[in-house]
Amino acid sequence: MLLNYNCNYFSLDLFLTMTMQEKNNPLNQSVQYLKSIGPKRAESFQNIGIKTIRDLLFYFPTRHLDRTTILSTAKAYGYLMNGYEGELTIIGKVEDTEKRRFNRKEIFKVQFRDSTGYFECVWFHGAKYLSNLFKVGNIFAVSGKASLSKYGSLQFAHPDFDRISEDESYNMINTGKIIPFYRIPKELKNSNLGDLSLRKIIYYSVENYIEYLSETLPESILKQYQLPGIIDAVKNFHFPESNNDLISAVRRFKYEEAFYLELLVALRKKNYQTKLDGFPLNIKTKLISNFLKTLPFKLTNSQLEVLSEIKNDLMSNTPMNRLLQGDVGSGKTIVALISMLIAVDNGYQAALMVPTEILADQHAKTISQMMAKLFKLHGGKEIKVSLIMGGQKKSIREQKLSNIELQEADLIIGTHALFEEKVNFRNLGLIVIDEQHRFGVAQRGRLMAKGKAPHVLVMSATPIPRTLSMTVYGDLDNSIINEMPKNRIPIKTLLRGDSKLPDIYKFLKDKKKDGYQSFIVYPLVETSEKLELKAAEKYYESLQNEYLSELNIGLVHGRMSWHEKETVMYKFLQKEFDVLVSTTVIEVGIDIPDANIILINDAHRFGLSQLHQLRGRVGRGNKQAYCILVTKDEYASSDFKLPLESEFLSPSQIENNKSIIRLQSMVKYLNGFKIAEIDLKLRGPGDIFGVKQSGFPELKHVDIINDSEIISDSKQAAFKIIETDPHLADASNEMLRINLLTHYKNNLKYATIA
Ligand code: ADP
Ligand code: MG
C-alpha cells in the first residue's frame with residue numbers, strides 16, 4: 001500500500017448531489033458553445049487544457065498594459081519639459097536599431113516613431129537577445145521613466161515593452177483602458193487566435209457567464225482580509241477598471257491558492273497525528289550520558305536544544321514528524337544518532353536513510369565504531385548496526401534482511417533500498433531521513449508505511465526558507481541548529497580568474513608542507529561516458545605530470561562504482577594522496593579532517609547550493625580552510641557588485657548576472673541560510689526543494705518568496721478550521737469540502753499520506 005487515499009471526509013450522497021449540480025452548470029459546457037469558437041478552435045483550446053467555459057474564465061492574463069495613460073511622442077516631450085518624472089507609455093513603430101561597443105560593453109539602441117515624432121530606447125546589456133526582438137516595422141508599447149538625452153531626444157533606458165500586433169495598434173480599439181495580455185501558445189496561434197481575438201472571446205464569456213460562478217472562499221476570510229468575491233475578482237483580473245481593482249483581484253487569488261494549499265497541509269498533519277496512535281518512548285538517561293562520554297567533544301548548545309525538542313516529541317502520544325535543519329558540518333548526525341539510541345533503548349529498531357551509497361557506507365562504519373566504544377563503557381545489550389543498499393551480494397543481502405526481520409539489527413542504515421518491498425522491519429520505531437529534499441514526499445510515505453506509526457525525523461543541510469517550511473514542509477515541526485561546533489575557524493573563500501592558476505598551484509604546494517590536503521574539483525560537462533572518463537584522466541595527468549608533479553594525486557570520477565570511489569576516498573583519508581581530483585560532485589557528508597583546501601574549477605558552472613555543499617567538504621578540522629573558486633577572468637574581475645541585501649536584486653540584474661551573483665554570494669556569505677535564500681531567488685523553489693515532487697498543487701499566483709505574509713495568514717486561517725472541524729463536516733465548511741473534492745482531488749491523496 002503506497003498512498004493511502006482516505007475518503008472518509010466526504011460522504012457519498014454529498015458527492016452525488018454535487019456532481020448533479022455541476023452537470024447543469026453552464027460553466028461546465030464546452031468552450032465550443034461560445035461565439036466564434038468552432039470545433040477546430042475548441043480542439044486547440046482543449047490541447048492547452050481549456051475544456052470548459054469555466055476553464056476559460058480562469059485563463060488569466062500574464063500581464064496588463066495600462067493604456068489609460070498612453071501619450072503621443074509630442075505630448076511626452078511636453079511632459080518632460082515641464083519636469084515630469086513619473087512613468088510614461090508611448091506606442092511606436094521600430095524605425096532603426098543599432099548595436100555598438102562602448103567601454104567593453106555592448107550597447108543596443110532602438111529608434112521608434114509615432115505620428116508625432118521620434119523617441120529611442122537604450123540597453124546596456126542583452127544586445128544579442130534584444131536585437132532578435134526588435135525588428136524594423138514592429139510596433140511596441142514602451143513604458144518606463146524617460147529622459148532627454150544630451151542630443152535632445154526622448155530616451156528610455158531599459159524600459160518595459162510589449163509587442164503589439166499591427167491591426168490592433170491601428171484600430172486602437174483598446175486604447176484608454178487597462179488591457180490584458182494572455183499567453184498565446186502555439187496551439188492557439190495555429191487556429192488563428194491572437195491577442196485581439198482571444199481578448200474578445202474572453203470578454204464575451206466574462207460578460208455572459210460570470211454570474212454562474214460560485215464563491216470558493218468562506219465569507220469570514222473574505223471579510224477578514226478584505227478580499228473581493230469571486231465574481232468581481234475574476235472580472236477584474238481580466239478587465240480591471242483601475243489598477244487598484246487589479247491588485248485586489250490578484251491578491252484574492254493569491255489568498256485562495258495559499259489557503260487551499262494550507263488546508264491540504266493542515267489535513268496532512270492532522271491525519272498523521274490522529275489516524276495513528278504513536279507510542280511514547282521513555283527517556284532513560286544512562287545510555288545517553290554514557291554515549292556522550294565516548295565522544296571527543298561536547299555538544300553545542302544548539303544541538304542540545306534541538307535534542308530536547310526531539311525528546312519531547314518522542315515522549316508524547318503523537319508520532320514525531322520533525323524537520324531538523326542545520327548547515328553543512330553543524331553536527332546533525334550525532335543528534336540523529338542519539339535519537340536513534342533512545343528508540344533502541346526502548347526496544348525498537350531505528351532506520352537512517354541517506355541519499356548515496358558511499359555516505360551510507362561511511363555512516364555505517366563510523367556508527368559501528370561508536371557503538372563498539374559505547375558497548376565497552378555501557379555494557380548491557382550490544383547495539384547492532386546493519387547496512388542495506390542496492391547491489392549487495394545476494395547471500396549478504398538475505399542475511400541482512402533476516403536480521404532486520406528478526407530484530408537482530410537495531411540501527412539500520414541505508415539508501416532508498418530501505419523502502420523496497422523485501423525489507424520488513426520487525427519493530428520500527430524511528431526513521432531518520434538525511435538530505436530530505438533529495439527524496440520525494442511519496443518516498444518518505446513509503447518508508448513510513450514500514451512501521452506502525454514510527455517517529456520521523458527528516459534532516460536538511462540546505463536550509464529551507466520560512467515560506468517553504470510553511471507550505472511544502474508545513475506538516476513538519478521545525479528545529480534548527482544555528483551554531484557551528486566551537487573548534488571551527490571560518491572558511492576563507494576566494495574568487496580568482498583562470499590566469500591565476502599557477503599561483504594557486506604554488507599555494508597548494510606550500511600548504512602541503514603544513515599538512516594540508518586539497519580537493520580539486522572539475523565540473524561535469526561531458527555527456528558521453530567515454531568523453532567524461534577521458535576528460536577526468538586528462539585533468540589528472542596534466543596535474544600529475546606538469547603542475548603538481550611533486551604531489552601525490554588521486555582521482556575519483558563519475559564512472560567509478562561507489563566501491564571504487566570509496567577506496568580512493570579511503571586512501572585520501574589515510575593521506576596516501578595530497579590531492580584528490582574529482583570530476584564528480586564529492587558525495588555529501590564525507591568527512592576528511594585534513595582536507596582543508598578545495599579548489600573548484602569553472603566554478604560558474606556549478607549551482608549555488610552545490611558550491612556551498614562542496615565548500616562544506618573542508619573546514620571540519622581546526623585549521624584555517626580555503627575554498628578557491630576559479631572562473632573566467634572576466635567574471636573574477638566583473639564590475640558587478642552584489643547589493644547589500646539579496647532582496648534588492650532586481651529581475652534584470654538576476655537575468656544578466658546569474659553566474660557572477662552565485663560566485664560573489666559564495667565569497668560574501670558562509671551562512672547556508674543566506675545562500676539558500678539567494679539560490680531560491682535565482683532558481684525558484686521547484687528545482688531546489690523537491691517542491692515539484694511534493695504532490696502539492698502548482699502555485700500559479702503565490703510567489704513563494706515575496707508573499708510570506710499571505711502564506712502565513714492563510715496558514716493560520718486554514719489550521720484553525722481543520723483544528724475545530726478536522727473532517728470539514730460542519731455545514732459552514734461544505735464549500736471547502738466540495739471545492740477540495742472537485743479541484744484538489746489529486747492533491748488530496750498526498751494530504752492523507754501516512
Ligand atoms: P552535518 O550536519 O553536515 O551532517 P556532521 O554531523 O557530519 O555534520 O558533523 C560534522 C563533523 O563535526 C563530524 O565529524 C562530527 O563528528 C563533528 N561534530 C559534531 N558535533 C560536534 C561538536 N559539538 N563539537 C565538535 N565537533 C562536532
Ligand atoms: Mg550530514
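The values are calculated or read from the model by the stated rules, or taken from the named source; none is laboratory data. What you see is a predicted model, and the numbers here were worked out from it, not measured in a lab. Cβ: placed from backbone, ideal geometry, glycine included. Neighbour counts: every protein chain shown. Just so you know, the surface numbers come from the protein's heavy atoms only, side chains and all, with ligands and any DNA or RNA stripped out. Shrake-Rupley method; radii C 1.70, N 1.55, O 1.52, S 1.80 Å.
Using the heavy atoms of the protein chains and a 1.4 angstrom probe, tell me the accessible area per residue for segment 67-177 in square angstrom. Numbers along the way, then the final one.
Working: 6440 Å² over 111 residues.
It amounts to 58 Å² per residue over segment 67-177.
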Using 17 Å as the cut-off for backbone N distance, which residues of segment 347-365 belong to the label zone defined by a point 7 Å from the Cα of S395 along Cα→Cβ? none
Which far-off residues, 5 or more places away or on another chain, put their amide H under 5 Å from the one on V581, with H placed in the peptide plane? I520, G554, L555, V556
Amide H to amide H, which residues 5 or more places from T216 or on other chains are under 5 Å from it, using H placed in the peptide plane? I230
What spacing in nm lies between the two simple spin-label points modelled at E698 and F124, each 7 Å away from Cα in the Cβ direction? 3.7
Once you sort the root eigenvalues of the Cα gyration tensor of segment 67-177 as a ≥ b ≥ c, which label holds: rounded (a/c under 1.5), prolate (a/b larger than b/c) or oblate (the other case)? oblate
Cα convex hull of segment 277-372: how many Å³ per residue? 116
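Could you sort the peptides 47-54, 241-248 by per-residue average Cβ neighbour count (10 Å cutoff), highest mean leading?
Working: 47-54: 17.2, 241-248: 14.2.
Packing order, densest peptide first, comes out as 47-54, 241-248.
Would you please put 296-308, 510-522 in order of how densely packed they are, using the mean number of other Cβ atoms within 10 angstrom per residue and starting with the highest?
Numbers: 296-308: 15.2, 510-522: 18.6.
Highest to lowest by the protection proxy: 510-522, 296-308.
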Explain nothing, just the number: relative contact order of the chain, from Cα pairs under 8 Å at least 6 residues apart, as a whole percent. 14
Considering only DSSP beta bridges where both residues belong to the chain, give the percentage that are antiparallel (nearest 5). 40
Would you work out the relative contact order for segment 262-403, in percent, from Cα pairs under 8 angstrom that are 6 or more residues apart? 25
Using the basic label-point model (7 angstrom from Cα toward the beta carbon), what is the S289 to E645 distance in nanometres? 4.7
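Over segment 206-338, what is the mean sequence separation of C-alpha contacts under 8 Å (at least six apart), divided by residue count, expressed as relative contact order in percent? Display every interim value, and only then the final one.
Working: 81 pairs, mean separation 24.5, N = 133.
So the answer I get is 18 percent.
Starting from the coordinates of the alpha-carbon atoms of segment 207-272, obtain the Kirkwood hydrodynamic radius over all distinct pairs and give the value in Å to one decimal.
Working: mean 1/r = 0.0778 Å⁻¹.
Final number for the Kirkwood radius of segment 207-272 is 12.9 Å.
Suppose R0 equals 45 Å; then what is the FRET efficiency for N243 and S542 from their Cβ-Cβ distance, rounded to the nearest 0.05?
Working: r = 61 Å, r/R0 = 1.35.
Efficiency, rounded to the nearest 0.05: 0.15.
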Membrane-span-like helices in the chain: DSSP H runs reaching 15 Å or more (Cα, own axis), mean Kyte hydropathy at least -1.0? 12-24, 195-209, 243-275, 301-315, 332-345, 357-378, 501-512, 562-573, 651-668, 672-683, 708-724
What distance in nm separates the two pseudo spin-label positions at Q653 and Y225, each 7 Å out from Cα along the beta-carbon direction? 2.9
